[in-house]
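Visitor: Pasting a structure here, questions to come.
Throughout, read-outs are computed from the coordinates displayed, never taken from laboratory work. What you are looking at is a predicted structure, and each value in this text was computed from that prediction instead of being measured. Cβ placement follows ideal geometry from the backbone for every residue including glycine, while neighbour counts extend to all protein chains displayed.
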Amino acid sequence: MPNFSPEQIRHQFPALSESDGRGQPLIYFDGPGGTQVTAGVIAAMAAYLTNANANTHAAFLTSQRTDATLAAAHEALADFLNAPSPNEIVFGPNMTTLTFALSRALARTWRPGDEVIITWLDHDANVAPWLALEEQGIVIRRLDFDPADCTLRVEQLDGLLNERTRLVAVGGASNAVGTVNPIPAIVARAHAAGALVFVDAVHLAPHFPIDVQALGCDFLACSVYKFYGPHVGVLWGRYDLLDRLPAYKVRPSDPHPPGKWMTGTQNHEGLAGSTAAIDYLADLGRSFGAGVGSFPGLTGRRLALKQAMTVIAGYERGLFAHMLAGLQAIPGLTVYGITDPSRFDDRAPTAAVRMAARTPDELSRRLADLGIAAYAGHFYAVSVIERLGLTDKGGVLRLGLSHYNTRHEVDKLLSILSDLA
Ligand SMILES: Cc1ncc(COP(=O)(O)O)c(C=O)c1O
């Protein structure tokens, strides 16, 4: 990767210098649960609360600044997702809440016997909101994955689609085993059958460029706290759909998108921080993105963000290859998901592992004792862990890489795991 190395950006993340209590900096492999934020994000949130704190749509100064803060966040996330309009960006507390809001609104337009296809590879936030519709007579069908490499059996999708299918809900990438799903192929099949497509991009967004226009999906959700920002959820939808669908809302609120979907008062300081997270990424793209590819049609911040995420994907891919090779050399250690380096475009840098002699929980605790953050369990991807037969065995240990992780950190992890094995 051109000239990117994490040492050049790590100073921007105050949490990366936190000590583990023994004078060593903490090491974070918990990015899939939430990433650290930049000083710029923290400053933007503090600045909002210091000089712009108000509710929206009044003539006084702080309210005007609040309106500007919200408008800037819609612009920033539209650039991040390459959405045609900032009015297609809906904010909310998190992806889960937004997905429940969307599933309930869609169901108001469906009839008993209509069908939704979900997958076995998804986080429960892209499962439960659709399963809840069974109460209204909606039929749920499930697309399976191949446990050998944890990839979706996309070829079986045509057998599940029919004239009653209203929507296919699929993940962009698995937060448990890292698999990146072939969204354009899924969209083509679903649209040919007349079904809409909802993409849970929470685990995709931190690792790869996202272009909703190129993906062709109808809705896509992600969470800013997974890509260096604060705890804010984002829903993108095609404007005509957001406009037409009967959102659950209070009567006086804006009848048009995105306002009609943004119930109550938003997390304004979180939105200020979200813009700062996007601007951090755009700066990374401007600093390190020259030569990573040509992206015709993109200019300004959209181009910088595409470059940034291409730089991040390339760096993380190399670091993941190094980590995977080291993991595979540890006796008795199993890695789930895609392990063939020639297929690394189809996986995020997130390893799910088990060790013969120790439970995932025990591994997570031992790492924690040594200042390393890594989750064990199912991470709400309960279907994935169930399908892998690991529900009663404590799930897996998840080692998630971010662009701020270094080779030195990975080597330390590998050495500890080797000792534990
Ligand atoms: C793939 C995936 N989808 C959905 C979610 C839920 O996101 P949120 O916490 O914003 O509701 C997560 C959170 O870990 C996730 O990893």
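Visitor: How much length would be gained if the chain were fully extended between Ala46 and Glu7, taking 0.36 nm per residue of separation minus their Cα-Cα distance, in nm to one decimal?
Guide: 11.4 nm
Visitor: Measuring from centroid to centroid over Cα atoms, what is the spacing of region 305-324 and region 184-263 in Å?
Guide: Region 305-324 and region 184-263 have Cα centres separated by 25 Å.
Visitor: Continuing with the same structure: Pull up the cross-link candidates among the lysines for Lys249, meaning alpha carbon to alpha carbon under 23 Å and not fewer than 8 places away within one chain.
Guide: Lys260
Visitor: Could you name the lysines whose alpha carbon sits less than 19 Å from that of Lys226, not counting residues in the same chain fewer than 8 places away?
Guide: Within the straight-line cut-off, Lys226 pairs with Lys306.
Visitor: Using Cα pairs closer than 8 Å and at least 6 residues apart in sequence, work out the relative contact order for region 1-140, in percent.
Guide: 12 percent
Visitor: When ranked by the protection proxy of mean other Cβ atoms within 10 Å per residue, highest first, what sequence do the peptides 244-251, 324-331, 24-31 form?
Guide: My ranking of the peptides, most packed first, is 24-31, 324-331, 244-251.
Visitor: So how do 220-228, 291-299 stack up, highest first, on mean other-Cβ count within 10 Å?
Guide: Per-residue mean Cβ counts within 10 Å order the peptides as 220-228, 291-299.
Visitor: Also: Quote the relative contact order of the chain in percent (integer), defining contacts as alpha-carbon pairs under 8 Å separated by 6+ residues.
Guide: 23 percent
Visitor: Counting DSSP beta bridges in region 43-278, what percent are antiparallel, to the nearest 5?
Guide: Around 45 percent antiparallel, to the nearest 5.
Visitor: How large is ³J(HN,Hα), in whole Hz, for each residue of region 136-149 in order, when computed from phi with the Karplus curve 6.51 cos²θ - 1.76 cosθ + 1.60 and θ = phi - 60°, using x for Gly and Pro?
Guide: Calculated HN-Hα couplings, in order: 9, x, 6, 8, 9, 10, 10, 8, 8, 10, 8, x, 5, 10 Hz.
Visitor: At 7 Å along Cα-to-Cβ for each site, give me the label-to-label distance between Asp124 and Arg365 in nm.
Guide: Taking the simple label geometry, Asp124 and Arg365 are separated by 2.3 nm.
Visitor: If we sort 93-103, 107-117 on the protection proxy, mean other Cβ atoms within 10 Å, highest first, what's the order?
Guide: Per-residue mean Cβ counts within 10 Å order the peptides as 93-103, 107-117.
Visitor: Still on this structure, I have one more. Distance in nm between label sites at Arg343 and Leu241, each 7 Å beyond Cα in the beta-carbon direction?
Guide: Once both label points are built, they end up 2.8 nm from each other.
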